[in-house]
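Undergrad: Shown below is the structure under consideration.
The values are calculated or read from the model by the stated rules, or taken from the named source; none is laboratory data. Values in this document were obtained by computation on a predicted structure and should not be read as measured data. Using ideal geometry, Cβ is built from the backbone for each residue, glycine included, and neighbour counts are taken over all protein chains shown. Side chains are part of the model used for accessible areas, which takes the heavy atoms of the whole protein and leaves out ligands, DNA and RNA. Shrake-Rupley method; radii C 1.70, N 1.55, O 1.52, S 1.80 Å.
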Amino acid sequence: MALGVEGVADDLRAVYAAEKTRSYEWRVSQLKALLKIATHHEKEILEALRSDLNKPEHEGFLHEISGVISACKLTLKELRRWMKPEKVKTSMTTYPSSAEIISEPLGVVLVISTWNYPFLLSVEPVIGAIAAGNAVLLKPSEVSPATSSMLSKLLGQYMDVSAVKVVEGGVLETTALLEQRWDKILYTGNSKVGRVVLAAAAKHLTPVILELGGKCPVMVDSTTNLTVTSRRIISGKWGCNSGQTCVSPDYIITTKEYASKLVDAISSELEKFYGKDPLHSNDLSKIVSSQHFDRVTKLLDDEKVSGKIVIGGQRDETSLKIAPTVILDAPNDSLIMNEEIFGPLLPIITVNKIEDGIGLINSKEKPLASYLFTNDKKLKEIFKRNISSGSMAINETTLQLAISTLPFGGVGESGMGSYHGKFSFDAFSHKKAVLERGFAGDIAARYPPYTSGKLKFLKALLSGDILGIIRALFGW
Amino acid sequence: MEGLEFGGASSRLIVLKKSFRSGKTRGIGWRKSQLRALLKLIAENESQIFDALEQDLGKHPVEAYRDEIGVVKKSADHALLHIKEWMAPKRGKLPLLFFPSRAQLLPEPLGTVLIFGSWNFPISLTLDPLIGAISAGNTVVVKPSELAPTCSSLLYRMIPLYLDTEAITIVEGGSDVAEQLLLHQWDKIFFTGSPRVGRMVMSAAAKHLTPVVLELGGKCPVILDSFTGSDLKVVVKRIAGGKWGPCAGQACIGVDYLLVQQKLAPLLIESLKRCIKRFYGDNVKNLQSFCRIVNKHHFDRVCNLLEEPGVAASIVYGGSVDKENLVIEPTILLDPPLDAQIMTEEIFGPLLPIITLDNIEDSIDFINDKPKPLVIYAFTNNEKFKEQIVQETSSGSVTFNDTMIQFICDSLPFGGVGQSGFGRYHGKFSFDTFSHEKAVLHRSFFPELEPRYPPWNDFKLEFIRLAYNLDYIGLLLLLLGLRKVTPR
């Protein structure tokens, strides 16, 4: 069956081999084109996001469009500097020599994007791939069809389509693409498909970046500022695509005595943000599809869980909306405590001592992000040292992603590799080591016939032991 | 040789994971103690290591020191010197908008890692990655190659005597043991070997989402521009030293083939012949300072490369073998058929094909027609040509006017690209490869930026727009009510 994707990697490779994508000018022209798309088509982009996700315009602008604009501007500003070779020091052992590390493109890159931030998570990796001088193919997610179609149209209009292609489609198209040989693949999505991508890449020895997810925990202790904590949790949870975000707070851990205060504060702030009827608020995204709606409501309808709802719980199947919901002490073996929720349900687990939360978090897979709200300095150190996650924020949620000097990526089940800012440029580059040697001072000890005198010399040379070298040279 | 059933590997792993969780490998004290113990191991067992390398590969002690013991010592010393600064958190820059926040990059160990050693440098290619894993604070399982059995056995006996057995385990065995190990989940796998096995390792790792480093190989070419006089002598020595010096050509960064301008070939060949005789002698039964082929399988493989039609006829020096002792003498071929296996596969043996070209610049296209190698060597004084080589070819690394030596330069990353692998190590790159760099943002509770939160309105949108542009003046005007807000 001809899907129209056969041989596309080879086509891109031929264009890459003709060296067009290597020049600074080409990269800048493409980055400027992406910037133009983000700035001139704001309305169209926001409409697509509203259509796919019922995403509020402010969220669409704050998280997606602004993210792309910032990335484009930063890259345009810094690209020349990033492209420069990096000189490195050399030591006595290779004297005389000079060395540098040169960034070169990998060749042909495949970006497989996802549906929850379909504009940002498609374009930002493409920015990195282009900045590094690669040809690139983007496959947006079919679960967000309006954005996928918008991307195909706008990139087709503005970009150099011989080197920057968009292929729309689903599982069949993705499988056909994964059979081809790429020089790097960046996949954003879930760990099940992540395994499939990695296995396909293994056949061609293709390096991969996997941006996956996980259950991102939030620990809240009683020394914290409750109002600000609640607002930042709400903002990171329901203010981010109704919790359908890989770095959204998934669940909260707090002490038994503090829990009710926290629940009350969240309830009160929720009302300030979304009013008395959040289910019908225009400022909240819907669940992306009926399939995911069923998945999320199933977590809630579990009999171990349904009795523990303390806020919300309402849902509207026709509009695919679920109200912001908080559950208190769902059992540890319930589904909601074992799968990434990716929705507007927030379980709060209570512990006796706040430190017990560390063990609970570590009993699960390493998440993409972890969060702590506290004023206790010692607890901050314990948390940083004992919790491993892609990234971490103290007294904040999700904002670490907006900082271009911090890498964005996972560890363990939450993924491998990272990007954002210069990390994007590096992710799609090969760092080639270049060593230049002179002819002076050729060391006989390197060459046969081997003698014990040569052995002494080599020992001294490799240790950087100058006196030893002199002694050996004189045969002492 | 220890066989390892599923249960055996599982119980070892449990111990290692428990050790890691206990936090014992996190402190700089533990890491330094292990690095010092490793230095002690090689210092106190030097002659035994020399013997083992002689047994497994016929490696001369000078070569063994230069390529194996010396490398391990250098890496451990380097790590001890720098580990404190490597472990220190790095500060991330933050825009003013985020004041007063703090951003850090915290390196942390990945957990429990698996290292597969290789047979050609059975000591250094096993212990050098181990140094990286230890410096980064991980617990480790090491599996040396069974194709160098004396070295494997020596490491198996020595490592538990010097290193912390609750954190570092050594496992012996062949592909069946490797398969058992690959059934488990690791936090990283470091593999040195062939692309074929590399694919299998990565496929197995995919099931557990385990990140891997693959140090593979390729056909590492030498581009030889014109040289005269004393420089030519040095060039020839370095080429010979880079081909037959490391393990008789059985090295991932060893010279595979050579490209030279047609008219220079005769002089080159004569010079190489003289050099070979001086370095190694010319009696295949009595070659000095020269390794043998590791086993019969590889011996036959390399001999077979000479059997193809047209290849044997292109031999201009050497070609003799000592079947009993698995020795193939240094051999030079002039323009063998380009579609013969000797020119399409990594040779990994002491055969040096010399390919002649009309212009030396044609070497770039020649190299680009083949998969990206681990290293490209080029001997030239032409600055423009150097620039062209760097820009127009791709390889793990490029070395000008020498061979092999980039391996001991700790400030340069060592790794491949494309079919020669991915990931890198040496120096700080070893530490980084076995670490996770965790991004940490510290915020305070004040000031609070109201416009972050719903309910949304036009004022908040304008604020966010200005904030993203880092337009502080605009923000100030907006907050003072001196800036107009355009309704949507």
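Undergrad: I'd like to know if the stretch B:161-169 contains one or more residues that are touching a Ser or Thr at 6+ places or on another chain (Cβ under 7 Å) and either under 18 Å from residue B:375 (Cβ atoms) or among the aromatic types (Phe, Trp, Tyr) (or both).
TA: Taking every residue of the stretch B:161-169 in turn, none turns out to be touching a Ser or Thr at 6+ places or on another chain (Cβ under 7 Å) and either under 18 Å from residue B:375 (Cβ atoms) or among the aromatic types (Phe, Trp, Tyr) (or both).
Undergrad: Of all residues being under 17 Å from residue A:159 (Cβ atoms) and touching a Ser or Thr at 6+ places or on another chain (Cβ under 9 Å) in the stretch A:35-67, which is surrounded by the most Cβ atoms within 10 Å (Cβ to Cβ)? Just the residue, please. Don't jump to the end; show me each part of the working.
TA: Here is the first cut: in the stretch A:35-67, the ones under 17 Å from residue A:159 (Cβ atoms) are A:35-41, A:44-45.
When the remaining residues are screened for being touching a Ser or Thr at 6+ places or on another chain (Cβ under 9 Å), the result is A:38, A:45.
Working: A:38: 23, A:45: 25.
Only one residue tops the list, namely A:45.
Undergrad: For the structure I just gave you, tell me whether residue A:44 is assigned to a helix (DSSP H, G or I) and over 30 Å from residue B:409 (Cβ atoms). It would help to see each step written out before you state the result.
TA: Values: assigned to a helix (DSSP H, G or I): yes; over 30 Å from residue B:409 (Cβ atoms): yes.
Answer is yes for this residue.
Undergrad: Go through the stretch B:375-388 residue by residue and tally those that are part of a helix (DSSP H, G or I) and either crowded, with 23+ Cβ neighbours inside 10 Å or facing another protein chain (nearest Cβ under 9 Å) (or both).
TA: Taking the stretch B:375-388 and keeping what is part of a helix (DSSP H, G or I), we get B:383-388.
Narrowing further to those that are either crowded, with 23+ Cβ neighbours inside 10 Å or facing another protein chain (nearest Cβ under 9 Å) (or both): B:386.
Residues in the stretch B:375-388 being part of a helix (DSSP H, G or I) and either crowded, with 23+ Cβ neighbours inside 10 Å or facing another protein chain (nearest Cβ under 9 Å) (or both): 1 in total.
Undergrad: Go through the stretch A:327-382 residue by residue and tally those that are closer than 21 Å to residue A:307 by Cβ, β-branched (Val, Ile, Thr) and open to solvent by less than 10 Å² (accessible area, probe 1.4 Å).
TA: The initial filter retains those residues of the stretch A:327-382 that are closer than 21 Å to residue A:307 by Cβ, namely A:327-339, A:341, A:343-351.
Those left that are additionally β-branched (Val, Ile, Thr): A:327, A:336, A:341, A:348-351.
Filter once more, keeping what is open to solvent by less than 10 Å² (accessible area, probe 1.4 Å): A:327, A:336, A:341, A:348.
Result for the stretch A:327-382: 4.
Undergrad: Check B:21, B:12 and return the single one that is farther than 19 Å from residue B:159 by Cα and not in a loop (DSSP other than H, G, I, E, B). Write out each step before concluding.
TA: On the way: B:12 fails: farther than 19 Å from residue B:159 by Cα.
Matching residue, one of B:21, B:12: B:21.
Undergrad: Let me ask another. Take the residues of the stretch B:415-425 that are facing another protein chain (nearest Cβ under 8 Å) and open to solvent by less than 10 Å² (accessible area, probe 1.4 Å): which is farthest from residue A:90 (Cα to Cα)? Steps first, please.
TA: Of all residues in the stretch B:415-425, those facing another protein chain (nearest Cβ under 8 Å) come to B:417-419, B:421-424.
Those still in the list that are open to solvent by less than 10 Å² (accessible area, probe 1.4 Å) too: B:417, B:421.
Working: B:417: 23, B:421: 25 Å.
The qualifying residue farthest from residue A:90 (Cα to Cα) is B:421.
Undergrad: While we're here: May I ask you to verify whether residue A:109 is crowded, with 24+ Cβ neighbours inside 10 Å, within 14 Å of another protein chain (Cβ to nearest Cβ) and not in a loop (DSSP other than H, G, I, E, B)? It would help to see each step written out before you state the result.
TA: Numbers: crowded, with 24+ Cβ neighbours inside 10 Å: yes; within 14 Å of another protein chain (Cβ to nearest Cβ): yes; not in a loop (DSSP other than H, G, I, E, B): yes.
Yes: the conditions hold for residue A:109.
Undergrad: Give me the strands (runs of 3 or more DSSP E) completely within the stretch A:145-225, filtered to those with at least 3 residues that are under 30 Å from residue A:258 (Cβ atoms), ordered by residue number. Spell out how you get there, then give the answer.
TA: Numbers: elements: A:164-166, A:184-188, A:208-211, A:217-220.
It comes to A:217-220.
Undergrad: Specify the residue that is most open to solvent (accessible area, probe 1.4 Å); the eligible residues are those in the stretch B:35-78 that are polar (S, T, N, Q) and part of a helix (DSSP H, G or I).
TA: Within the stretch B:35-78, the first condition is being polar (S, T, N, Q), and the residues that meet it are B:45, B:47-48, B:55, B:75.
Those left that are additionally part of a helix (DSSP H, G or I): B:47-48, B:55, B:75.
Details: B:47: 77, B:48: 74, B:55: 115, B:75: 12 Å².
That would be B:55.
Undergrad: Could you please tell me which pairs satisfy a Cβ distance under 7 Å, a separation of 6+ or placement on different chains, a first residue in the stretch B:290-312 that is at positive phi, and a second residue that is of a type in the set (Gly, Ala, Ser)?
TA: What qualifies is B:310/B:340.
Undergrad: Are any residues in the stretch B:203-223 in a strand (DSSP E or B) and open to solvent by 10 Å² or more (accessible area, probe 1.4 Å), and if so, which ones?
TA: Of all residues in the stretch B:203-223, those in a strand (DSSP E or B) come to B:212-215, B:221-223.
Within the stretch B:203-223, just B:212 meets the criteria.
Undergrad: Restricting to the stretch A:151-162, name every residue that is open to solvent by 10 Å² or more (accessible area, probe 1.4 Å) and of a type outside the set (D, E, K, R).
TA: First, the residues of the stretch A:151-162 that are open to solvent by 10 Å² or more (accessible area, probe 1.4 Å): A:152-153, A:156-162.
Within the stretch A:151-162, A:152, A:156, A:157, A:158, A:159, A:161, A:162 qualify.
Undergrad: Filter the stretch A:76-98 down to residues that are open to solvent by less than 10 Å² (accessible area, probe 1.4 Å) and at pLDDT 95 or above, then give me how many there are.
TA: Within the stretch A:76-98, the subset open to solvent by less than 10 Å² (accessible area, probe 1.4 Å) is A:79, A:94.
So of that shortlist, the ones also at pLDDT 95 or above come out as A:79.
Total meeting the criteria: 1.
Undergrad: Next question. Please verify whether residue B:240 is within 26 Å of residue B:395 (Cα to Cα) and within 11 Å of chain A (Cβ to nearest Cβ), treating the condition exactly as stated.
TA: Values: within 26 Å of residue B:395 (Cα to Cα): yes; within 11 Å of chain A (Cβ to nearest Cβ): yes.
Yes; evaluated as a whole, the condition is true for this residue.
Undergrad: I need the full set of residues from the stretch A:128-144 which are in a loop (DSSP other than H, G, I, E, B) and closer than 23 Å to residue A:106 by Cα, in order please.
TA: At the first step, the residues of the stretch A:128-144 found to be in a loop (DSSP other than H, G, I, E, B) are A:132-134, A:140-144.
Within the stretch A:128-144, A:132, A:133, A:134, A:140 qualify.
Undergrad: Could you look through the stretch B:164-189, keep only residues that are open to solvent by less than 10 Å² (accessible area, probe 1.4 Å) and not in a strand (DSSP E or B), and pick out the one that is nearest to residue A:410 (Cα to Cα)?
TA: B:186
Undergrad: Right, next: Name the one entry in B:411, B:397 that is within 11 Å of chain A (Cβ to nearest Cβ), of a type in the set (Ser, Thr, Tyr) and in contact with a helix residue (DSSP H, G or I) (Cβ under 6 Å, 6 or more places away or on another chain). Spell out how you get there, then give the answer.
TA: Numbers: B:411 fails: in contact with a helix residue (DSSP H, G or I) (Cβ under 6 Å, 6 or more places away or on another chain).
The unique qualifying residue is B:397.
Undergrad: Sticking with this structure for a sec: Where in the stretch B:389-488 are the helices (runs of 4 or more DSSP H), entirely inside, with at least 2 residues that are under 19 Å from the mean Cα position of the chain (by Cα)?
TA: Working: elements: B:428-433, B:458-468, B:472-479.
Per the criteria, B:428-433.
Undergrad: Yes or no: residue A:218 open to solvent by less than 10 Å² (accessible area, probe 1.4 Å), more than 16 Å from the chain's Cα centre (by Cα) and under 28 Å from residue A:113 (Cα atoms)? Quick ask: steps written out before the conclusion?
TA: Values: open to solvent by less than 10 Å² (accessible area, probe 1.4 Å): yes; more than 16 Å from the chain's Cα centre (by Cα): yes; under 28 Å from residue A:113 (Cα atoms): yes.
Here the answer is yes, as residue A:218 does meet what is asked.
Undergrad: Name, by its number, the condition in (1) aliphatic (A, V, I, L, M); (2) surrounded by fewer than 24 Cβ atoms within 10 Å (Cβ to Cβ); (3) under 29 Å from residue B:89 (Cβ atoms) that does not hold for residue B:200.
TA: Just one mismatch for residue B:200, condition (3).
Undergrad: Yes or no: the stretch B:249-256 includes at least one residue that is within 26 Å of residue B:323 (Cβ to Cβ), open to solvent by less than 10 Å² (accessible area, probe 1.4 Å) and either within 12 Å of chain A (Cβ to nearest Cβ) or not in a loop (DSSP other than H, G, I, E, B) (or both).
TA: Yes, there is a match, as at least one residue in the stretch B:249-256 is within 26 Å of residue B:323 (Cβ to Cβ), open to solvent by less than 10 Å² (accessible area, probe 1.4 Å) and either within 12 Å of chain A (Cβ to nearest Cβ) or not in a loop (DSSP other than H, G, I, E, B) (or both).
Undergrad: Something else: Only one of these is closer than 30 Å to residue B:61 by Cβ and within 11 Å of chain B (Cβ to nearest Cβ): A:402, A:433, A:369, A:393. Name it. Outline the logic, then answer.
TA: Numbers: A:402 fails: closer than 30 Å to residue B:61 by Cβ; A:369 fails: closer than 30 Å to residue B:61 by Cβ; A:393 fails: closer than 30 Å to residue B:61 by Cβ.
That would be A:433, the only listed residue that is closer than 30 Å to residue B:61 by Cβ and within 11 Å of chain B (Cβ to nearest Cβ).
Undergrad: Then there is this: Given the conditions (1) modelled with pLDDT of 95 or more; (2) within 14 Å of another protein chain (Cβ to nearest Cβ); (3) open to solvent by 20 Å² or more (accessible area, probe 1.4 Å), which single one is not true for residue B:97?
TA: Exception for residue B:97: condition (1).
Undergrad: Which one is farthest from the other protein chains (Cβ to nearest Cβ), of the residues in the stretch A:179-206 that are in contact (Cβ under 8 Å) with a residue 40 or more places away in the chain and over 21 Å from residue A:367 (Cβ atoms)?
TA: Among those residues, the one meeting the criterion is A:180.
Undergrad: Of all residues in the stretch A:268-287 being over 23 Å from residue A:317 (Cα atoms) and open to solvent by 50 Å² or more (accessible area, probe 1.4 Å), which is modelled with the highest pLDDT?
TA: Among those residues, the one meeting the criterion is A:268.
Undergrad: What is the residue count in the stretch B:426-456 for residues that are modelled with pLDDT under 90 and either open to solvent by 40 Å² or more (accessible area, probe 1.4 Å) or facing another protein chain (nearest Cβ under 9 Å) (or both)?
TA: If we filter the stretch B:426-456 for residues that are modelled with pLDDT under 90, which is where we start, we get B:444-456.
Going one step further and asking which of them are either open to solvent by 40 Å² or more (accessible area, probe 1.4 Å) or facing another protein chain (nearest Cβ under 9 Å) (or both), we end up with B:444-450, B:452-456.
So the count comes out to 12.
Undergrad: Kindly provide the set of residues from the stretch B:291-311 that are among the charged types (D, E, K, R) and either touching a Phe, Trp or Tyr at 6+ places or on another chain (Cβ under 6 Å) or under 26 Å from residue B:52 (Cβ atoms) (or both), ordered by number. Reasoning before the result, please.
TA: Residues of the stretch B:291-311 that are among the charged types (D, E, K, R), as a first pass: B:292, B:296, B:300-301, B:307-308.
B:292, B:296, B:300, B:301, listed by residue number.
Undergrad: May I ask you to verify whether residue B:233 is open to solvent by 10 Å² or more (accessible area, probe 1.4 Å), among the basic types (Lys, Arg) and at pLDDT 95 or above? Write out each step before concluding.
TA: Details: open to solvent by 10 Å² or more (accessible area, probe 1.4 Å): yes; among the basic types (Lys, Arg): yes; at pLDDT 95 or above: no.
In short, no.
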